[in-house]
1. Considering (1) free of Cβ contacts under 8 Å to residues at least 60 places away in the same chain; (2) part of a helix (DSSP H, G or I); (3) in contact with a strand residue (DSSP E or B) (Cβ under 8 Å, 6 or more places away or on another chain), say which one residue 61 fails and leave the rest.
2. Test residue 190 against the stated conditions and say whether it is on the phi < 0 side of the Ramachandran plot and either within 11 Å of the chain's Cα centre (by Cα) or outside the structural domain of residue 279 (by TED's automatic domain parsing) (or both).
3. If you go through the stretch 265-280 one residue at a time, do you hit one that is modelled with pLDDT under 95, assigned to a helix (DSSP H, G or I) and under 25 Å from residue 452 (Cβ atoms)?
4. Checking the condition surrounded by 18 or more Cβ atoms within 10 Å (Cβ to Cβ) and touching a residue at least 12 places away in the same chain (Cβ under 8 Å), which residue from 225, 248 passes?
5. May I ask you to list the residues in the stretch 328-344 that are free of Cβ contacts under 8 Å to residues at least 60 places away in the same chain and part of a loop (DSSP other than H, G, I, E, B)?
6. Restricting attention to the stretch 419-431, does a residue exist that is surrounded by 19 or more Cβ atoms within 10 Å (Cβ to Cβ) and assigned to a helix (DSSP H, G or I)?
7. Looking at this structure, is residue 32 over 30 Å from residue 145 (Cα atoms) and in contact with a strand residue (DSSP E or B) (Cβ under 9 Å, 6 or more places away or on another chain)?
8. Which members of the stretch 521-532 meet the condition of being touching a residue at least 40 places away in the same chain (Cβ under 8 Å) and surrounded by fewer than 24 Cβ atoms within 10 Å (Cβ to Cβ)?
């Protein structure tokens, strides 16, 4: 077996990363805030320092972000736009920090990062996403090399020993999933599920855009462990930069002979990876619907069993992991099981990428260790609720639930969050303040899921539509006390009888808000009052 250094020379990249350098974050969030012209102006300025495009550092509330390492000093600047980039250029020429836009001289200077644990996202906002040399200079492909020194069965065992759990849903043990398919014979497939459709969730997009080689390295390790020779990165058409970046990264690996036949000159290790684009249907995040989409069929879910590990793409065993899971795989084999296991809880090791959005002062993508409390994430990292008092946190997207402010000491782990009526899911956290109406929040999510239902099974197709009608009745002031019982009964029916995960979890927003905010439901149907004023047809009536 050959080493990665036989294919990539990272010497110059290592020097570039360590010496004077200017970077501009040009992932989707940075570009949306105006980073592209900033990068253009910096490159035209004639500055002696190399200028690199990098991915998203997660600090979305401060975009566009420019970092400068000069004369041994490191400075992070926020809100650099075309209008003020000239001021920054002059400061760089003078060799001085620009205090006007400075937010810190290291990540640990910034409150947003102090309680984060950046293992999977360590390169995000640091390296050029499409520089293979910079990725290798940062330790990239060390994990693959370490895995290839082991037998495939031992790679699977290491994943189990590390207690790595799937980062896309209910936290199913990754090693268990791999062991099932590893025992199958014949052609097998591997899928990286990058189809995140939850409102307010963009963790997968961030990693795909900012550190594509880490995801691909995780896929290569997974493929070696389970014996798959063909793999797909599935993501949605609405992620054009992620698609472009992944396509380019795959092409670079192919050109360097790091994908294809006998990877790293390892006998029997062959792998082809391609990107598959979905049309953006939320239901295609569910693995059986996703497989139908990859095969060119309508994104309908299929009954389970048989599970994908037994009968998946084109009837062959198929393993599906999400982006964050595969990023963790690369990290795990880079630092080793013992080091990885130091982070997290007894039940769940490692970190979780979380999107902080909504009524929050510091919105963005954070990476935190399992076991950290929701309060620490919202207040210490996110800076607390914006414009009002914290009311609740909606977790897990449309399939999740709302956790009230008085339960913010809850630790971030799968079992605890599930007991409260929510799910961690892919990692979205929408912060709600006291100006939000919880009945309206539940109505919004029901509107979303009934619109995204594929319509294949009656409980989801009809049940969620009727639930949405009930919620519209409540928010328009036409609800009755009897409706509340009917809503709960129907929600439980939909949850128990739907075919796939979309329908089975769709009523969670209603059930969780009824559990913790029943007083608001009663106000809507008895007092005809919406305390927040969000339900306009109730505003101005008795009690408002």
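The values are calculated or read from the model by the stated rules, or taken from the named source; none is laboratory data. Please read these numbers as outputs of a predicted model, since none were measured by experiment. In this analysis, Cβ positions are derived from the backbone assuming ideal geometry, glycine residues included, and neighbour counts consider all displayed protein chains.
1. Result: residue 61 fails condition (1) only.
2. Numbers: on the phi < 0 side of the Ramachandran plot: yes; either within 11 Å of the chain's Cα centre (by Cα) or outside the structural domain of residue 279 (by TED's automatic domain parsing) (or both): no.
So residue 190 does not fit the description; no.
3. no
4. Numbers: 248 fails: surrounded by 18 or more Cβ atoms within 10 Å (Cβ to Cβ).
Checking each option against the conditions leaves just 225.
5. The initial filter retains those residues of the stretch 328-344 that are free of Cβ contacts under 8 Å to residues at least 60 places away in the same chain, namely 338-339, 342.
Within the stretch 328-344, just 342 meets the criteria.
6. Looking for residues that are surrounded by 19 or more Cβ atoms within 10 Å (Cβ to Cβ) and assigned to a helix (DSSP H, G or I), one finds none in the stretch 419-431, hence no.
7. On the way: over 30 Å from residue 145 (Cα atoms): yes; in contact with a strand residue (DSSP E or B) (Cβ under 9 Å, 6 or more places away or on another chain): no.
When the stated conditions are applied, residue 32 does not pass them.
8. Residues of the stretch 521-532 touching a residue at least 40 places away in the same chain (Cβ under 8 Å): 521-522, 524-526, 528, 530-532.
Residues satisfying the conditions are 521, 522, 525, 526, 528, 531, 532.
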